[in-house]
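Below is one structure, written out as structure tokens; comments come after it.
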Amino acid sequence: MNTDTNESRLGMIYALCAFTFWGLIPIYFKQVSTVGAFEVLVHRVIWSVVVLVILIIVTKQVNIVKDLFKSLKQLKYLILSSFLVSSNWLIFIWAVSNNQIMETSLGYYINPLVSVILGYIFFSERMNKKQYVAIFIATLAVLYQIVSLGEIPLVSLSLAFSFALYGFVRKKIAVPSIPGLFVETIVILPFALAYFYYLAQTNSSFFLGDDSYITLMLSLGGIITVIPLLLFNGAATRMKLTTLGFFQYIGPSIAFCIAIFVYDEPMNTDKLISFILIWIALVIFSWDAIARQKKVSK
């Protein structure tokens, strides 16, 4: 067995672990659902900074971080991506706490289709007929949910667009993920510390309160954030991006099952039809990606 095959298999293992981790992450946020979403976000930011500082020192990426702070262009983009990723985290935390895991799942199913649209608009990436059909069906799914349920799937759309825009901004500057995430969390850190100070002064913080389990869970926010990112990095450097793209459906699929079978979130016929339409769109999208990859590899 050659080295390339070994590396590819290892990449697949990393990808499987990363997206499985992301799929299971609602269980973690359910453990702190009694805590306000802003406080959970604050701890996710603070502890992520702690974990990332250690990682950057261990992996000897300090100079990369210094260069990022010296580059005004990259820093401007990272400030924007910082806002997008923190918004995405906050919406996700709020949704899980309010029994809307299924909506988060729908959002991350829609996300790759939104990314294609952004690529078309901002990077002049051409779309073919199959991609147009996939996006049209996904749009039908959203419109069906609006008409049948009488509500706009705000959580799903907010997660899909915020994460797709985040990916778009990060693509513009092509910054290594760990140093990039460190700068993003550093940008949010002053706001997080200010809010943490406010909670402490008003005695409304759950951290170091009567419930030691909640304190432990909040302090794990950094590890929960960074571990899947490290696994994803390990996968991305060892396998084709097209192949890696198929693994991204593992996360929302696991979250979808957790919503129904673990937390008993309601699934009516109208919601199921919306999901089926999205799944059809993703099958067409994936089929097209496989066909294009085969043409490139010939």
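The values are calculated or read from the model by the stated rules, or taken from the named source; none is laboratory data. As the structure is a prediction and not an experimental result, all values here were calculated from the model. Note that we place each Cβ from the backbone using ideal geometry, even for glycine, and neighbour counts take in every protein chain shown. SASA here: full protein model, heavy atoms, side chains in, ligands and nucleic acids out. Shrake-Rupley method; radii C 1.70, N 1.55, O 1.52, S 1.80 Å.
Give the residues of the stretch 110-126 that are more than 18 Å from the chain's Cα centre (by Cα) and either at pLDDT 85 or above or loosely packed, with under 15 Cβ neighbours inside 10 Å (or both), sorted by residue number.
If the condition is that a residue be more than 18 Å from the chain's Cα centre (by Cα) and either at pLDDT 85 or above or loosely packed, with under 15 Cβ neighbours inside 10 Å (or both), then I121, F122, F123, S124, E125, R126 are the ones that fit.
So which residues in the stretch 154-169 are buried (at least 16 other Cβ atoms within 10 Å of the Cβ), over 12 Å from L118 (Cβ atoms) and either charged (D, E, K, R) or free of Cβ contacts under 8 Å to residues at least 60 places away in the same chain (or both), if there are any at all?
If the condition is that a residue be buried (at least 16 other Cβ atoms within 10 Å of the Cβ), over 12 Å from L118 (Cβ atoms) and either charged (D, E, K, R) or free of Cβ contacts under 8 Å to residues at least 60 places away in the same chain (or both), then S156, L157 are the ones that fit.
Which of the residues spanning the stretch 20-33 are assigned to a helix (DSSP H, G or I), open to solvent by 20 Å² or more (accessible area, probe 1.4 Å) and of a type outside the set (D, E, K, R)?
T20, F21, W22, L24, I27, Y28, Q31
Just give me the residues in the stretch 188-226 being open to solvent by 50 Å² or more (accessible area, probe 1.4 Å) and under 27 Å from the mean Cα position of the chain (by Cα), in sequence order.
Hits for the stretch 188-226 are P190, F191, L193, A194, Y195, F196, F206, Y213, L216, L220, I223.
Every residue in the stretch 261-274 that is open to solvent by 40 Å² or more (accessible area, probe 1.4 Å) and in contact (Cβ under 8 Å) with a residue 24 or more places away in the chain, please.
V262, Y263, M267, D270, I273
Given the conditions (1) out of contact with any Leu (no Cβ under 7 Å at 6 or more places or on another chain); (2) closer than 30 Å to K271 by Cβ; (3) in contact (Cβ under 8 Å) with a residue 40 or more places away in the chain, and given that I214 satisfies all but one, which numbered condition is not satisfied?
The single condition I214 does not satisfy is (2).
I want to confirm something. Restricting to the stretch 56-102 and keeping residues that are crowded, with 20+ Cβ neighbours inside 10 Å and small (G, A, S), which single residue is nearest to the chain's Cα centre (by Cα)?
Among residues in the stretch 56-102 that are crowded, with 20+ Cβ neighbours inside 10 Å and small (G, A, S), the one nearest to the chain's Cα centre (by Cα) is S86.
May I ask you to verify whether Q61 is out of contact with any Pro (no Cβ under 6 Å at 6 or more places or on another chain) and among the polar types (S, T, N, Q)?
No, not satisfied.
Would you tally the residues in the stretch 174-187 being among the hydrophobic types (A, V, I, L, M, F, W, C) and open to solvent by 20 Å² or more (accessible area, probe 1.4 Å)?
The number of residues fulfilling the criteria is 4.
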